[in-house]
Amino acid sequence: MKQLYFIFTMIALLSYGQISANAQSLSEQADSAYNADNYREAADLYLNIIQNEGASATLYYNLGNCYYRSSEMGKAILAYERSLRLDPTNDDAKNNLNFVNARIADRPGERGSFVGNALDSTSNMAHSNTWAWMAFGAFMLTLIGVLAYIFSSVIIVRKIGFFGGIFTLIATGIFIFFAYRSAAIAVADDAAIITVPSTILSTSPRVPKDRSQEAMLLHEGTKVKILDSVRSTTDSVNSLWYDVEVDNNHRAWINAAAVEKI
């Protein structure tokens, strides 16, 4: 029995080692391809790693660089956005995303509200786990303050425990709020990036038949917010359409094939 357990353990360890070696090999191949200016090959290798070994902020960042070098601005923005979903503190991804966004054709107007945007920006200053640990730390300080207030006979210590406990309790609630909001942003499926060179949005969930049914023309890289989705059949062709918000003043229908969700 012990021999069988040993054999199974060795097989599992060897299999894990082989998988890790393959992942490392693919990563090295991807890096080499990128350094050799073979950006399409590098992108395919990074995608292979993501699909088979799991995603990471670094892999999506590298993938975004490959797409940018291949002049695929929409897919580059999508990759950088996904990188920031996994690690909102990735400054390299932030800088590259801002760089590419400044070079796309469309300039949407204001999106969201000032308060909502400010809260999202603050939430993305740290990972949701970091906010959660900060909340835990603040809560522990609150408990210490309560204990100091209850058991200490020194007036100054009791005052510090009382007012400090109130402050840290408020901080705990704030940190929990940002942890929740950061986690919600990371898993939200209502944002998408246009990945085709250009697409005409419609006033209804179907291909526009004439100019009167055309809402606007958008180009690759533009970010939209998905509000609803409808399946439509035109000339026996079934397609999915998204009701999207481009900015606070523009809303229309877009063919789902023209975008990819972040």
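The values are calculated or read from the model by the stated rules, or taken from the named source; none is laboratory data. Just so you know, these numbers come straight off a predicted model, no measurement behind them. So basically every Cβ, Gly included, is an ideal-geometry build from the backbone, and we count neighbours across all protein chains shown. Quick note on the areas: whole protein, heavy atoms, side chains included, nothing else; ligands and nucleic acids left out. Shrake-Rupley method; radii C 1.70, N 1.55, O 1.52, S 1.80 Å.
Using the structure shown, decide if Ala215 is farther than 15 Å from Asp243 by Cβ, open to solvent by less than 60 Å² (accessible area, probe 1.4 Å) and either without any contact (Cβ under 8 Å) to a residue 60 or more places away in the chain or part of a strand (DSSP E or B) (or both). Let's see the steps before the verdict.
Details: farther than 15 Å from Asp243 by Cβ: no; open to solvent by less than 60 Å² (accessible area, probe 1.4 Å): yes; either without any contact (Cβ under 8 Å) to a residue 60 or more places away in the chain or part of a strand (DSSP E or B) (or both): yes.
It is false that Ala215 is farther than 15 Å from Asp243 by Cβ, open to solvent by less than 60 Å² (accessible area, probe 1.4 Å) and either without any contact (Cβ under 8 Å) to a residue 60 or more places away in the chain or part of a strand (DSSP E or B) (or both).
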### Query
Looking at Gly221, is it at positive phi, open to solvent by less than 50 Å² (accessible area, probe 1.4 Å) and not in a strand (DSSP E or B)?
yes
### Message
I'd like to know if region 170-189 contains one or more residues that are in a loop (DSSP other than H, G, I, E, B) and within 21 Å of Glu81 (Cα to Cα).
### Response
yes
### Task
Check Met134 against each of (1) in contact with a Phe, Trp or Tyr (Cβ under 9 Å, 6 or more places away or on another chain); (2) more than 25 Å from Val196 (Cα to Cα); (3) surrounded by fewer than 16 Cβ atoms within 10 Å (Cβ to Cβ) and name the one condition it does not meet.
(3)
### Query
Within the set of pairs 6+ apart or on separate chains, which have a first residue in region 181-196 that is open to solvent by 30 Å² or more (accessible area, probe 1.4 Å), a second that is aromatic (Phe, Trp, Tyr) and at pLDDT 95 or above, and C-beta atoms under 9 Å apart?
Arg181/Trp131; Ala183/Trp131
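Output the number of residues of region 104-124 satisfying the condition of being assigned to a loop (DSSP other than H, G, I, E, B) and free of Cβ contacts under 8 Å to residues at least 40 places away in the same chain. Break it down into steps so the answer makes sense when it comes.
Residues of region 104-124 assigned to a loop (DSSP other than H, G, I, E, B): 104-113, 124.
Within this subset, residues satisfying the condition of being free of Cβ contacts under 8 Å to residues at least 40 places away in the same chain are 107, 113.
Looking only at that region, the number is 2.
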### Summary
Checked pairs for region 44-67, first touching a residue at least 24 places away in the same chain (Cβ under 8 Å), second open to solvent by 30 Å² or more (accessible area, probe 1.4 Å) and polar (S, T, N, Q), C-beta under 8 Å and 6 or more apart or across chains, list as Ile49/Ser27; Tyr61/Asn96; Gly64/Asn96; Asn65/Asn96
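Identify, from the list Ile166, Ile155, Ile200, Ile176, the residue that is over 29 Å from the mean Cα position of the chain (by Cα), open to solvent by 40 Å² or more (accessible area, probe 1.4 Å) and at pLDDT 95 or above. If you could, list the steps in order and put the result at the bottom.
Details: Ile155 fails: at pLDDT 95 or above; Ile200 fails: over 29 Å from the mean Cα position of the chain (by Cα); Ile176 fails: over 29 Å from the mean Cα position of the chain (by Cα).
Of the residues listed, the single one that is over 29 Å from the mean Cα position of the chain (by Cα), open to solvent by 40 Å² or more (accessible area, probe 1.4 Å) and at pLDDT 95 or above is Ile166.
When region 206-253 is examined, which residues are found to be β-branched (Val, Ile, Thr), closer than 21 Å to Lys75 by Cβ and in contact with a Phe, Trp or Tyr (Cβ under 8 Å, 6 or more places away or on another chain)? Break it down into steps so the answer makes sense when it comes.
Just the residues of region 206-253 that are β-branched (Val, Ile, Thr), to begin with: 207, 222, 224, 226, 230, 233-234, 237, 244, 246.
Subsequent filtering for residues that are closer than 21 Å to Lys75 by Cβ retains 222, 224, 226, 244, 246.
Val224, Ile226, Val244, listed by residue number.
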## Note on the structure
Of those in region 233-252 that are assigned to a strand (DSSP E or B) and farther than 24 Å from Gly116 by Cβ, the residue least open to solvent (accessible area, probe 1.4 Å) is Trp241
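Tell me, yes or no, whether region 59-82 has at least one residue that is outside any helix (DSSP H, G or I), within 22 Å of Ala188 (Cα to Cα) and open to solvent by 40 Å² or more (accessible area, probe 1.4 Å).
First pass over region 59-82, keeping only residues outside any helix (DSSP H, G or I): 70-72.
Checking the rest, the ones that are also within 22 Å of Ala188 (Cα to Cα) come to none.
No.
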